[in-house]
Amino acid sequence: MRAALWLFGLYVASERVIPHPCHFEEARNGWAEMPLQYKDELAFKLVGVWERWDACWYARIATVGYTPDGSTAFFPLFPALERTVAVAGPHVAIAGMVVNVVATVLALWGLYRLAADDHGEVVARRTMLLLAIFPTAFFLLAPFSEAVFLALGVWSIERARRGEWGTAALLATLIGLSRPVGGTIALPLAWLAWRQLRHAPRAADRIWPAVATLAAPVSAALYVVYTIRVVGRSMFQASAEWTGSAFHPPWDLIGATLDWVRRTGDPLQALQLAMLIVFAALFAVGVRRLPVELTLYAAPQLYLAWARILPTPLTSVGRYLLVIFPMFIVLALLLGDRRARWSYVILSLLLLGALANEFVIGNFIG
């Protein structure tokens, strides 16, 4: 699927005249220092078309570091991985795509293990497929942070389930540095730790579960301190510029989205509202069919998707839903009928192609 999307981007760039990489950021933010971009010929068609939006911010952070502007809204793990891989020679955008290919493979492998443990191999394979063809799955190829966050979330829970708390603590530390919602991994880890600590007679057996539970909030808090003390621009200040700081009830979000669609005729907002409603329904079903730790992983992320009204009401929601992997397990359980499953697969692939096309030609998708 990643290779197919890559070739799809090559085809679209060959058939149309489309904006150069980071065109929006260059025009809007007036960056004095731009990351290296592939703007010409084959390099643009293979790599440059995926350098859009957040990918440009990550590439800039990986190239010049943080500056007192909106960059501190972007957590440091992904640009650090880009910079590390770029030491071997490739440009940071290529490095980011390499990181994401590896992270996606690891994420799907871990997801298979989790789903197979709970529901068997058939459901596990189906879950992998459904996530891989989700309409916003191209963000697992483009140099965004979703693939890394997804892999860390899956494996943090998988390792904790198996009592590998030292590894879970390391992964939780990293996920706290990956995205603003990374700290919420503490909820499923706290549940798994409590289940195991009930049967731990020695105090020494309780240390690593406690460390793993606290690791993500602590690492995220350290990053916030860094943005204030070293960069001079709080992560909270930068995030408020992008997404605002207010929270709203779901009916306000629905009303704002419907009003936006009525005024602008924007089909993307209508699609993202439909996806958000479907995920809410999947969550309601999953409360009774998923292990508690997976429900605790999904709940805060889904809540945040429902609680924020942005200038374009549902900006990036499809991308945020992509990493809520327990909902794909629920969907796999519900799509047991072959005809229903293939109907969904065809629809999802069509939407994936349509959204990937919009992204490649420079329209804002998320």
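The values are calculated or read from the model by the stated rules, or taken from the named source; none is laboratory data. What you see is a predicted model; the values in this text were computed from it and never measured. Every residue, glycine as well, gets a Cβ built from its backbone with ideal geometry; the counts of neighbours run over all protein chains shown.
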Point to revise | Members of segment 308-325 found to be touching an Asp or Glu at 6+ places or on another chain (Cβ under 9 Å) and either among the small types (Gly, Ala, Ser) or at pLDDT 95 or above (or both), listed by number | key: SER316, LEU322, VAL323
**Study point:** THR213 vs. criteria under 28 Å from GLU293 (Cα atoms) and at pLDDT 90 or above
**Key:** yes
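Please state which one of ILE133, ILE185 is of a type in the set (Val, Ile, Thr), within 17 Å of LEU296 (Cβ to Cβ) and touching a residue at least 60 places away in the same chain (Cβ under 8 Å). So that I can check it myself, show each step before the final result.
Values: ILE133 fails: within 17 Å of LEU296 (Cβ to Cβ).
The unique qualifying residue is ILE185.
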Check your understanding: Quick one: what pairs do we get from segment 205-233, first residue farther than 24 Å from LEU192 by Cα and touching a residue at least 24 places away in the same chain (Cβ under 8 Å), second assigned to a loop (DSSP other than H, G, I, E, B) and basic (Lys, Arg), C-beta under 7 Å, 6+ apart or different chains?
Key -> THR227/ARG233
Revision key, fill the gap. Scanning segment 345-365 residue by residue, those among the aromatic types (Phe, Trp, Tyr) and not in a loop (DSSP other than H, G, I, E, B) turn out to be PHE359
Review point. Of the residues that sit in segment 146-168 and are surrounded by fewer than 24 Cβ atoms within 10 Å (Cβ to Cβ) and either among the small types (Gly, Ala, Ser) or touching a Cys at 6+ places or on another chain (Cβ under 8 Å) (or both), which one is farthest from ASN100 (Cα to Cα)?
Key: GLY163
Exercise for review: Six or more apart or on different chains, Cβ under 6 Å: which pairs go from a residue in segment 345-362 that's surrounded by fewer than 16 Cβ atoms within 10 Å (Cβ to Cβ) to one that's of a type in the set (Gly, Ala, Ser)? Could you list them?
Suggested key: none
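Looking at segment 305-344 only, could you name the residues that are of a type in the set (Ser, Thr, Tyr), part of a loop (DSSP other than H, G, I, E, B) and surrounded by 20 or more Cβ atoms within 10 Å (Cβ to Cβ)?
Quick first cut of segment 305-344, residues of a type in the set (Ser, Thr, Tyr) only: 312, 315-316, 320, 343-344.
Subsequent filtering for residues that are part of a loop (DSSP other than H, G, I, E, B) retains 312, 315-316.
The answer is THR315, SER316.
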